[in-house]
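Data block below; observations after.
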Amino acid sequence: MTAAVTDIATRRAPSVIGQITQDDGQRFYLIGSGDDALRLWSVTTAIGVVFKEGLVRWAASLAADAAFAELPTVVAASRRKACGNTYNRCYEKHGRQTRCERCACGDCKECVRKFIANRHYAEKSRRADEGKAVHDAIEWWALHGQLPAVDEQIRPYIRSFLAFVKEYGLTPDSFLMSEAVGVNRAEGYAGTLDCVIRFDARASDAAADLVARVLAITVEQAVAEGRTVDLIVDFKTREKELGDRGPEFWAEQALQVTAYRRVETVQIKGTDVEVPMPATDGGMLVQLRPDGATPRLVVTDDLSYAAFLAALNLYRWFVDFGTAAVSVRSFPLPKPEKKATPGKAAAKPAATKATAPAKSAPAKKTAAARRTTAPARTVAERVLGTPPGTLATSGAGLRDDEIPF
Ligand SMILES: [Zn+2]
Ligand SMILES: [Zn+2]
């Protein structure tokens with residue numbers, strides 16, 4: 001942290017921000033504790049709602065590669081009867097080191113089929129680990145000005161990082177912030193941003209070019225006036241070399257950087273100090289490959305932000321209303337009304353039924369509370385502009401025991 005950020009009045013966060021990743025990979029941030037804790041969707045989880053054709057092709061080609069690589073195993077397995085234990089999760093109890101009689105055999109047709117079909121999960125987690133190791137090394141460099149000891153397989157990425165640093169004349173002081181949790185309470189999301197970097201037009205030719213592009217001025221003017229820009233930078237590791245297809249950036253990566261740019265506050269890592277997010281001039285991706293680094297400015301304007309919020313709201317709808325939207329229980333058949341005694345009818349005026357706020361709101365709240373996710377504002381409030389407690393969300397006033405999830 002340099003003066004640029006610490007100058008801003010700091011405040012103590014209500015309590016440490018926690019991160020929770022569910023079994024299904026969905027992640028949210030927890031601010032505060034107990035029943036009042038605020039749950040904010042992670043930026044990357046929300047963007048996950050965007051369909052990525054590339055991922056499907058990648059997963060399929062990994063399976064095809066594995067089939068060829070394991071050809072003898074596949075041939076042997078094709079003649080072996082299914083053990084019937086393929087999908088047992090007994091290892092969750094006894095660990096992967098030991099085996100029990102309920103363990104998957106690993107050799108039968110069904111077991112090998114599952115192994116091949118799941119290559120992308122294994123590959124994804126391996127790359128995530130690599131990505132994290134690279135990020136940790138970069139953060140260490142930004143804080144200490146030197147590199148920590150790193151594993152052999154991530155050294156090429158670090159070399160590419162250092163080449164990027166040199167080309168743009170960066171020093172650890174250029175990193176105004178690194179690995180901070182950004183929070184946007186108003187929109188109900190949070191995320192961990194890699195860093196904010198200050199680029200100085202006088203530091204190098206590449207930096208002068210970058211500053212001029214961001215500020216839409218000439219290189220000569222940027223250098224003459226000693227202009228700087230502060231950019232949100234997100235590092236992306238890619239295993240593949242540059243090749244014919246070029247660096248391959250994806251539109252949703254711009255949404256991610258935009259979301260980080262628009263957080264209201266940031267919490268400095270390892271502390272409970274929350275400060276206002278400093279203003280930035282733009283956003284940039286830096287792809288780190290074993291064969292080099294490719295920086296790319298991304299558009300983080302109002303339109304990108306609106307697109308991110310649309311994705312966030314779509315994601316929320318799936319979580320909060322998706323199941324109910326196609327559930328037979330969303331349309332319960334009303335029963336004929338029993339004739340009420342005069343005394344009871346007076347206690348329950350007809351108007352209650354027409355608006356039904358008292359009944360539908362708590363029911364919905366209970367359903368939401370049962371899930372692990374309860375964002376600051378619901379889709380109904382945000383998209384439909386309806387204040388809480390006035391909406392029968394599923395087209396019918398569901399009783400608690402009628403809620404399908
Ligand atoms: Zn077992
Ligand atoms: Zn088996």
Quiz item: Just wondering, is there one or more residues in the range 116-133 that are more than 16 Å from ligand 1 (Cβ to nearest atom), modelled with pLDDT under 95, farther than 21 Å from residue 287 by Cβ and of a type in the set (S, T, N, Q)?
Solution: yes
Self-check item: the range 52-89, residues that are within 13 Å of ligand 2 (Cβ to nearest atom) and among the hydrophobic types (A, V, I, L, M, F, W, C)
Solution: 76, 77, 82, 83
Practice problem: Kindly establish whether residue 96 is among the charged types (D, E, K, R), within 16 Å of ligand 2 (Cβ to nearest atom), farther than 30 Å from residue 152 by Cβ and modelled with pLDDT under 95. | Solution: no
Quiz prompt | Selected residue (criterion: nearest to residue 166 (Cα to Cα)) from residues of the range 215-227 that are surrounded by fewer than 19 Cβ atoms within 10 Å (Cβ to Cβ) and under 34 Å from the mean Cα position of the chain (by Cα) | solution = 215
Quiz item: With 160, 178 as the choices, which residue is closer than 23 Å to residue 274 by Cβ, surrounded by 20 or more Cβ atoms within 10 Å (Cβ to Cβ) and among the hydroxyl-bearing types (Ser, Thr, Tyr)?
Solution: 178
Quiz item: Which one of these is under 16 Å from residue 176 (Cβ atoms), surrounded by fewer than 21 Cβ atoms within 10 Å (Cβ to Cβ) and modelled with pLDDT under 95: 273, 266?
Solution: 273
Quiz item: Within the range 315-329, can one find any residue that is at pLDDT 90 or above, within 21 Å of residue 184 (Cα to Cα), assigned to a helix (DSSP H, G or I) and basic (Lys, Arg)?
Solution: yes
Practice problem: State whether one or more residues within the range 65-88 are within 15 Å of ligand 1 (Cβ to nearest atom), under 19 Å from residue 123 (Cβ atoms) and either surrounded by 13 or more Cβ atoms within 10 Å (Cβ to Cβ) or among the small types (Gly, Ala, Ser) (or both). | Solution: no
Quiz item: Quick one: what pairs do we get from the range 84-108, first residue touching a residue at least 12 places away in the same chain (Cβ under 8 Å), second in a helix (DSSP H, G or I) and within 11 Å of ligand 1 (Cβ to nearest atom), C-beta under 9 Å, 6+ apart or different chains?
Solution: 103/91; 103/94; 104/91
Practice problem: Could you list, in sequence order, all residues of the range 109-136 that are within 16 Å of ligand 2 (Cβ to nearest atom) and farther than 14 Å from residue 70 by Cβ? | Solution: 110
Self-check item: Residue satisfying condition, being at pLDDT 95 or above, under 24 Å from residue 136 (Cα atoms) and either in the same structural domain as residue 40 (by TED's automatic domain parsing) or touching a Ser or Thr at 6+ places or on another chain (Cβ under 9 Å) (or both), within set 215, 210, 285
Solution: 285
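The values are calculated or read from the model by the stated rules, or taken from the named source; none is laboratory data. These numbers come from a predicted model, not from an experiment. Don't worry about glycine lacking a Cβ; one is built from the backbone with ideal geometry, like all the others, and counts go over all protein chains shown.
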